[in-house]
Amino acid sequence: NAGVTQTPKFQVLKTGQSMTLQCAQDMNHEYMSWYRQDPGMGLRLIHYSVGAGITDQGEVPNGYNVSRSTTEDFPLRLLSAAPSQTSVYFCASSYGRADTQYFGPGTRLTVL
Amino acid sequence: AQKVTQAQTEISVVEKEDVTLDCVYETRDTTYYLFWYKQPPSGELVFLIRRNSFDEQNEISGRYSWNFQKSTSSFNFTITASQVVDSAVYFCALSEAPNRDDKIIFGKGTRLHILP
């Protein structure tokens, strides 16, 4: 099992550019989520999904879109990047919301 | 609404000292789950423990122990005889009952420095 994989590991964008952060898991987990980590702010939930075709907003969803067409993949889209979106992004998955989450290695994003 | 508070932003102790990291939570539910994760300097997030609200027994795993007290809504984490390798950011997290809210909420973390 590869676990939870994220690509890319590092990315630099210019303000206004769009991009997609990829997340995939091979553990057949239903629950997947995206977090951003900023200094002093901990892990803040952006979006989550309880299964294929179902997504919902977390604490800080503005500026981000998600979709869940398959159980394995949960991409995060930045439609028009802003410097405030400079952060480290973590994807996580678990069998259910009450179960242990497995985290990907993270993507460090810088928006200039 | 659910909330997790880790009041200690940063702690420094000398190696071999014991240290306790505090976690206080808020929830409307009687059924919920609490977690601790570790983030070492390398950046990955590592699961440490999961506890459901009906199990108030304290847990010990080697030098790590957890004290769950529903009366004070706390789930504190103690490292005994700390080591330099324990230096990391530690996060506490809360997940509420099914059909209430599917979010998992993390605290802001406590950065622990173990000084040699």
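Values quoted throughout were computed directly from the atomic coordinates according to the rules given, and no laboratory measurement underlies them. As the structure is a prediction and not an experimental result, all values here were calculated from the model. Because the Cβ atoms are built from the backbone with ideal geometry, glycine has one as well, and the counts that use them run over all protein chains shown.
Here are a few things to note about the model shown:
- With θ taken as phi - 60° and the Karplus curve 6.51 cos²θ - 1.76 cosθ + 1.60 applied, the whole-hertz 3J(HN,Hα) list for segment A:51-64 is x, 4, x, 10, 9, 8, 7, x, 6, 10, x, 5, x, 10 Hz, x standing for glycine and proline.
- If only the Cβ of Lys and Arg carry +1 and only the Cβ of Asp and Glu carry -1, the dipole of segment B:1-89 around its Cα centre is close to 220 debye.
- Using C-alpha pairs under 8 Å with a sequence gap of at least 6, the mean separation divided by the residue count of segment B:3-115 gives a relative contact order of 38 percent.
- In segment B:48-116, GluC sites (Glu not before Pro) in a DSSP loop with at most 13 other beta-carbon atoms within 10 Å: B:GLU56
- In terms of overall dimensions, segment B:3-115 has a Cα radius of gyration and Dmax of 13.8, 45 angstrom.
- Where chymotrypsin sites (Phe, Trp or Tyr not before Pro) fall in DSSP loop in segment B:21-116, at most 16 other Cβ within 10 Å: B:PHE54
- Taking the number of Cβ atoms within 10 Å of each Cβ as an exposure proxy, the fewest-first ranking of B:ASP86, A:ASP26 is A:ASP26, B:ASP86.
- Under the criterion of Cα pairs below 8 Å and six or more residues apart, the relative contact order for chain A equals 36 percent.
- Net charge dipole size for chain A [Lys, Arg +1 and Asp, Glu -1 on Cβ; Debye, nearest 20]: 400
- Förster radius 45 Å - calculated FRET efficiency between B:SER42 and A:GLN17, Cβ distance, rounded to 0.05: 0.95
- Ranked for footprinting exposure by Cβ neighbours inside 10 Å, fewest first, B:SER71, A:SER69 give B:SER71, A:SER69.
- Each residue in B:ILE105, B:ILE114 was given a count of other beta-carbon atoms within 10 angstrom of its own, and listing them fewest first yields B:ILE114, B:ILE105.
- Placing a pseudo-label 7 Å from each Cα along the Cα-to-Cβ vector at B:ILE11 and B:GLU56 gives an inter-label distance of 2.3 nm.
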